[in-house]
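What follows is a set of notes on a single structure, which appears directly below.
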Amino acid sequence: GRLPPALMDGGRRWWVAEVASERALREAEPDWDAIEALAGHTGSMGLCAFAFADPGSDYDLVVRALVGAGRRFEDAASGAANATLAAWLRDNDAFPGQDGAYTVSQGREVGFDARLHLRIDAEGDVWSGGRVCPVVRGHIDW
C-alpha cells in the first residue's frame with residue numbers, strides 16, 4: 001500500500017499495514033510464525049492489515065486482524081483493531097467514506113462476513129459498531 005506501516009496503541013497495540021489491493025489482502029496466507037514473533041517482540045496483539053475496497057463495494061475498507069499474541073487466530077470482527085485503525089487513518093489524512101464515517105468488511109476469510117461501522121465524532125472520539133455474526137453467547141452472574 002501507499003501508507004507506511006505503524007505500531008498504534010488504542011488500549012491494545014496493533015501493527016497497522018496497508019495492502020495494495022482488496023484481492024491481495026483477501027488472498028493472503030498469514031505467516032503465523034512471523035505474526036507471533038512480531039507480536040511478541042513489540043508487545044502488540046499482531047497485525048491489522050487493510051486495503052481500500054474495490055469500486056462498487058458496499059463497504060469502504062477490507063480488514064484482517066491477525067492475532068499473534070497468545071493463541072494465534074484471525075479475528076472475524078475486531079472493534080478494537082478497527083477503532084485503532086480509524087484513528088491512524090484520520091491522523092494520516094487517509095480516512096475513507098464521508099462525514100467522518102465508513103464501513104468495513106471483515107471476517108470473510110474465516111467464514112463470516114461482518115460489517116463494522118466506524119465513525120469519528122466532532123470531539124475526535126472513535127466509535128466502532130455494526131452487524132456481526134455471533135459465535136458465542138453467555139451469561140455471567142456476579
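The values are calculated or read from the model by the stated rules, or taken from the named source; none is laboratory data. Values in this document were obtained by computation on a predicted structure and should not be read as measured data. A quick note on method: Cβ atoms are made from the backbone with ideal geometry, for glycine too, and the neighbour counts reach across all protein chains shown. Surface accessibility is based on the protein's heavy atoms, side chains included, excluding ligands, DNA and RNA. Shrake-Rupley method; radii C 1.70, N 1.55, O 1.52, S 1.80 Å.
Under 5 Å from the amide H of Phe73 lie the amide H atoms of Val67, each residue being 5 or more positions distant or on a separate chain, with H modelled from the backbone and absent for Pro and chain starts. For the stretch 105-120, the Karplus equation 6.51 cos²θ - 1.76 cosθ + 1.60, evaluated at θ = phi - 60°, returns couplings of 9, 9, x, 4, 5, 10, x, 10, 9, 6, 10, 10, 10, 10, 8, 10 Hz by residue, with Gly and Pro reported as x.
So, with a 1.4 angstrom probe, what is the percent of accessible area on the chain that is carbon and sulfur?
Answer for the chain: carbon and sulfur cover 51 percent of the accessible area.
The listed residues Trp14, Trp32, Trp127 rank as Trp127, Trp32, Trp14 when sorted by accessible area, largest first, using a 1.4 Å probe. Note: relative contact order over the stretch 6-130, using C-alpha pairs below 8 Å and six or more positions apart, is 21 percent.
For the stretch 74-142, averaging the sequence separation of C-alpha pairs within contact (under 8 Å, six or more residues apart) and dividing by the residue count gives a relative contact order of 30 percent.
Amide H contacts of Gly130: His117, each under 5 Å away and 5 or more positions distant or on a separate chain (H built 1.01 Å from N in the peptide plane; Pro and chain starts excluded). In the context of the full set of protein chains, the stretch 6-130 has a per residue accessible area of 48 Å² (1.4 Å probe).
Under the convention that each Lys and Arg Cβ holds +1 and each Asp and Glu Cβ holds -1, the size of the dipole of the chain around its Cα centre is about 240 debye.
Could you tell me what % of all Cα pairs in the chain have separations over 18 Å?
Details: 5433 of 10011 pairs.
Counting pairs separated by more than 18 Å, the tail of P(r) holds 54 percent.
Its residue count N fixes a reference of 2.2 N^0.38 Å for the stretch 20-95, and the Cα radius of gyration divided by that reference is 1.13. Available extension along the chain between Asp58 and Arg72 is 2.1 nm, counting 0.36 nm per residue and deducting the alpha carbon span. Dividing the summed -39500 (n - 2.57) terms of all DSSP H runs of n ≥ 4 by the residue count of the chain sets its mean residue ellipticity at 222 nm at -6000 deg cm²/dmol.
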